[in-house]
Each structure stands twice: as structure tokens, then as C-alpha cells.
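Enquirer: Here's a structure for you.
The values are calculated or read from the model by the stated rules, or taken from the named source; none is laboratory data. All values derive from a computational prediction rather than experimental measurement. Ideal geometry is used to build each Cβ from the backbone, glycine not excepted, and the neighbour counts take in all protein chains shown. Each accessible area value is taken on the protein alone, full model and side chains, heavy atoms only, with ligands, DNA and RNA left out. Shrake-Rupley method; radii C 1.70, N 1.55, O 1.52, S 1.80 Å.
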Amino acid sequence: MREVSSDLFDPRADMDSDYSKPSDGNFGFAFNDSNFSDRMLQIEIIGGPSDCRSDGEGPCTSIADWARLRKRRREDAKKETSLDLTVCAEEQILNQPDMDDCEGFENHDEAVAMVEESPSGDEADSSNDSNWSMDSSTVLKIKTLHISSPILAAKSPFFYKLFSNGMKESEQRHVTLRINASEEAALMELLNFMYSNTLSANTAPALLDVLMAADKFEVASCMRYCSRMLRNMPMTPESALLYLELPSSVLMGEAVQPLTDAAKQYLAARYKDINKFQEEVMALPLTGIEAILSCDDLQVASEDAVYDFVLKWARTQYPALEERREVLGARLAKFIRFPYMSCRKLKKVLICNDFDHDVASKLVLEALFFKAEAPHRQRTLAAEESGSSSRRFVERAYKYRPVKVVEFELPRQQCVVYLDLNREECANLFPSGRIYSQAFHLGGQGFFLSAHCNMDQQSSFHCFGLFLGMQEKGSVTFSVDYEFASRSKPTEEYMSKYKGNYTFMGGKAVGYRNLFGIPWTNFMAEDSHFFINGILHLRAELTIRH
């Protein structure tokens, strides 16, 4: 026999369905109609804010007002000494509950359902005074609706359990719900949705209230509907952050995943240039920083810059060392792509006090092992990681291309630098572009490689050039022997293309305008000897002259 609950309540079902054309029937005509109802629902509305007020002057019309109100409600709930003990964690269907059997519950928005013997509103109110006595529980008013238990049970596990718990109470015709005054409008919208599959709410704060009510009463289809409506509204940094901080229940997570994904994408796109919005980004909460760091398209010089930014943000937001270590180790480290950091920076990670030593050691070892892998193995690891949230082996679109460096101290100070460029990156250089590598070091001085598309010396055609530059650092002079090489077919071995020596001064560069001695069109041709599986492999060998 088919399981009813799996068909009715699977929050993943029809996640992307078009709610303007609901597949399940529209029963709006039966809402609160005694002719199509088998039970009475009594809604007790207790004391509390009757509408969403942000400053005491009027209803909230913005996400900011809504967020402030929710925050204030949570803070007020924590201050209550007499908690609303109308519901136990394990049992939401109550019949004259025993107060001693319930444990303290911080969330006053927890759904409360009572199945009552008597339909009398007066008796219910009297019972309320004796059994639910507390300062914040004064019943302001009572609403009574005609409901159809099959319709509500089909949309909500909460009501399904209420009407089919196998106890004698499930046979009673009168059911009572207790809610705060601030939830009244959202609950009425929710009940109407369960019949009609549509909402009249059309503002973000109103939809968020309905979304929270739908989460409480486990109406996944309404949560998905609200999520879709919110996703179609213009997003702001404020709303995006709010969506990322919605309650993390399993049902909520499933239903609003498209909304939270859209919020992450919005923040990542808006703040992909961290330096441009540095003041705003530094003020973002943790969820916002995680969304930004998960982006492959950050406009950053290198992963070293990402690490420095994360450290600066963490020190600003979490001045207490232990708390900062916890946030960095448990939440943010997985978003820093350590395998693409320079070895010099990785050494600093090992001695950085902001990271737990064991965590830092593990991260650096993993990065070094990745760097030591063969290129094809690195690509495999990156592909395997591409579906995860951390994507630690996936290379970002850095302003400065990562390089692999092998350093020697003896018999001479020397380094061998490997720079790989794909065909698309090379094509984008035409007609006068440049790509710079990340910095590497030799003899305490910083150097970089730069690939160019430029005119040959006679200005007759475009060609590929490679240059070596020294980062500006005072008036130091530095004499270096250098050699450029590249892999080429058919041997696929590195073949020397140019040798030279140069006495560098700060900011100077030297190289060869036409590294391969051919026009740009020949270099980029499909049968080019210099692209192996779509990759141009370049090597530079530097030796300090004595």
C-alpha cells in the first residue's frame, strides 16, 4: 500500500512547480464553509503585538522592520520567567495538559494545538484561565472557522497527526489553536493557501510572516510558494542576509534552498570586488562572508589576499581569541583555498596564532600535498570538489595567475617557475592584453612573469611574448640569469626558447616579444604545437649571478 505521508509531505516534491497552475485542486470555495467542513477550528489569539510595528508608529513595510521585530520578539521571549508551557517538545496534540510534564521552551512561536471536549467559547476561555495562567497569555479574542480535516491533513503533517493520532481526541469535532496576536494575519493567509494554493500577501515582510507560520505548521508547499515569491522580488544586501539566517529546520532548509542559493549568488556577485566595498564587507555577518568566499569569481589578486582579508574580518568581528579560533577553524577555513596560496604565506599560516595549531598544520599539509600532485591529478581533485560548498581545490579567477615554484639554495640560489595558461586565457590576450603571475621569490626579492600579446619588433603582426619582472623594492640591483621554455609537440617536453641575463632594478622587466617566433594566428591555431590538451605550459628558470 502506498504511504500517504511520503506522497503528501515530501518537502522535495515539486520544488520548482509553477504555483500559478497548481496540480492539486483549488478548494478555495470550501474555505470556512460549513457545507464542506467536518470540524470547527477555534483560534485563541493571546496578548502580544497585534501587527508588525518597527517603532511603535506603524506597520513594518521593509525587510529591516521585519528583522528588527523578529529580533525583539526573540529577546523578549528569552526574558520571560513564566514560559509558555502549552506544548512539549515531543507532543503537540494536547488535551488539558499537565504543566509539570512540559520542559521550558524558548521559542514562543511553537505551534499549540488542543482538542477539546466542549465547543463552548466561554468554557474554553474559562479553561484557559485555569490551565494556561501566565501574564502574556491573556486571550484577546477568539476566531472560529469551519475546516475540512482531509484538506488540512493533506497539506500539513501537523494537522495530519492532529486528526489521525489514533486517540479518542482525534474524533472530536472541535480543535483549538493558540497563537500570538502578531501571527493572526499570517495564519489566516496560511489556512487560505491550504485551500486555494495562493496568497494575497505580496510584500516581503508579509510573505516572511507567512513563511514562518508555514514552517511552524509544517506546510511545505506554502513555504516553497513564499520562497518563490520572495526570490522573484528585487533583492538587497539586507534581505539576502535575512534569507540566509532563516531558521535551519530540515523542512525550512528543503523548502527555501532556492531562496538561500539566490541570496548567496546575489551577495557573491555584489561583493566580488572585496576591495571596492571593503567597508561594507567588513561589516557583514558570518553568513554573508561565507556566501562571498564560496564564489569562484572573486576579483582578488591571489588567495593570499583572500586569507589576509578573512583574518582581518575575523579579528574585527571576534576580538576574543578563543571565539575567533572557533569561527576560523569550524566555519571559514573551508572557504579559504589554501592549495592556491603561496608557500611563503602558508609558512605564515603555521605560526598564525588566530588558528589552532593542529588545524593550521592540517590545512597547510593538505595544500602542500595538492601542490605536489601532477597537473592531471590536480584537475581530478578540483573536479571532485566542484560540487561541494567549500570548493577548496577549485581555482578562482585570480588577477594574478598561480605558479608552481621549485627553489634551490645550493650549489647556487636558483628557482624554477611553472606557469600554465589555458587556450581561452591566451585568446583573451588579443590584441594587447597581459596576464601577470603571482609573485615568487629569489634571494629575498620578489619577481613575477607576464604573458603579453603584442606587435613584433617590426610591427608587422601580433605575437606571444613572455617577460620577467622584479617587484619594486627600494633601489636594490639584482643580476639574474634566466631562461624561458615551453612544452611543445610532438615530444611534449620543455624546449628552451630564450636565454638571457639582466641586472634588475626595482620595477624593471625583461623578456622576449615573440617567444615562439611565429605570428599570433599560428600560435593560436587548432594545430598549434604549443597547446597540449588546451594548456600552454611555460617554464622560467632564474639563477642569481655571482
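Enquirer: Which of the helices (runs of 4 or more DSSP H) contained wholly in region 231-274 include at least 3 residues that are open to solvent by 50 Å² or more (accessible area, probe 1.4 Å) and of a type outside the set (D, E, K, R)? Talk me through it step by step, then tell me what you get.
Expert: Working: elements: 237-244, 250-255, 257-270.
Those helices (runs of 4 or more DSSP H) span 257-270.
Enquirer: From the list Pro119, Pro157, Pro150, which one is modelled with pLDDT of 90 or more and not aliphatic (A, V, I, L, M)?
Expert: Pro157
Enquirer: Given the criteria at pLDDT below 90 and within 30 Å of Asp65 (Cα to Cα), does Ala124 qualify?
Expert: Details: at pLDDT below 90: yes; within 30 Å of Asp65 (Cα to Cα): no.
For Ala124, the condition - at pLDDT below 90 and within 30 Å of Asp65 (Cα to Cα) - is not met.
Enquirer: When you go through (1) assigned to a loop (DSSP other than H, G, I, E, B); (2) open to solvent by less than 80 Å² (accessible area, probe 1.4 Å) one by one for Asn353, which number turns out not to apply?
Expert: Here Asn353 meets the rest and fails (2).
Enquirer: If you don't mind, another one. Looking at Arg224, Arg173, can you tell me which residue is charged (D, E, K, R) and farther than 26 Å from Thr138 by Cα?
Expert: Numbers: Arg173 fails: farther than 26 Å from Thr138 by Cα.
From the options Arg224, Arg173, the qualifying one is Arg224.
Enquirer: Condition test on Thr316, is it among the polar types (S, T, N, Q), surrounded by fewer than 21 Cβ atoms within 10 Å (Cβ to Cβ) and over 30 Å from Tyr225 (Cβ atoms)?
Expert: Numbers: among the polar types (S, T, N, Q): yes; surrounded by fewer than 21 Cβ atoms within 10 Å (Cβ to Cβ): yes; over 30 Å from Tyr225 (Cβ atoms): yes.
Considered against the rule, which asks whether it is among the polar types (S, T, N, Q), surrounded by fewer than 21 Cβ atoms within 10 Å (Cβ to Cβ) and over 30 Å from Tyr225 (Cβ atoms), Thr316 comes out as yes.
Enquirer: Let me ask something else about it. Can you name every residue in region 282-309 that is under 17 Å from the mean Cα position of the chain (by Cα), surrounded by 21 or more Cβ atoms within 10 Å (Cβ to Cβ) and not in a loop (DSSP other than H, G, I, E, B)?
Expert: Correct list: Gly288, Ile289, Ala291, Ile292, Leu293, Val306.
Enquirer: Among the listed residues Arg344, Arg391, which satisfies the condition of being part of a loop (DSSP other than H, G, I, E, B), over 30 Å from Asp527 (Cα atoms) and touching a residue at least 12 places away in the same chain (Cβ under 8 Å)?
Expert: Values: Arg344 fails: part of a loop (DSSP other than H, G, I, E, B).
From the options Arg344, Arg391, the qualifying one is Arg391.
Enquirer: Collect the residues in region 468-519 that are charged (D, E, K, R) and surrounded by 15 or more Cβ atoms within 10 Å (Cβ to Cβ), keeping them in residue-number order.
Expert: The answer is Asp481, Glu483, Arg487, Lys497.
Enquirer: Please go through region 503-532 and give me each residue that is over 19 Å from Glu424 (Cβ atoms), assigned to a strand (DSSP E or B) and in contact with a Lys or Arg (Cβ under 8 Å, 6 or more places away or on another chain), ordered by number.
Expert: Passing the criteria: only Tyr512.
Enquirer: Which one of the conditions (1) without any contact (Cβ under 8 Å) to a residue 24 or more places away in the chain; (2) in contact with a helix residue (DSSP H, G or I) (Cβ under 6 Å, 6 or more places away or on another chain) does Phe277 fail to meet, given that it meets all the rest?
Expert: It fails just one condition, (2).
Enquirer: List pairs: first residue in region 300-317 and farther than 13 Å from Val349 by Cα, second residue modelled with pLDDT under 95 and among the hydroxyl-bearing types (Ser, Thr, Tyr) anywhere in the structure, Cβ distance under 7 angstrom, at least six positions apart or on different chains.
Expert: Val300/Tyr398; Ala301/Tyr398; Ala301/Tyr400; Ser302/Tyr398; Ser302/Tyr400
Enquirer: While we're here: Out of Arg423, Arg412, Arg396, report the one residue that is in contact (Cβ under 8 Å) with a residue 40 or more places away in the chain, under 32 Å from the mean Cα position of the chain (by Cα) and more than 27 Å from Asn514 (Cβ to Cβ). Spell out the reasoning first.
Expert: On the way: Arg423 fails: more than 27 Å from Asn514 (Cβ to Cβ); Arg412 fails: under 32 Å from the mean Cα position of the chain (by Cα).
That would be Arg396, the only listed residue that is in contact (Cβ under 8 Å) with a residue 40 or more places away in the chain, under 32 Å from the mean Cα position of the chain (by Cα) and more than 27 Å from Asn514 (Cβ to Cβ).
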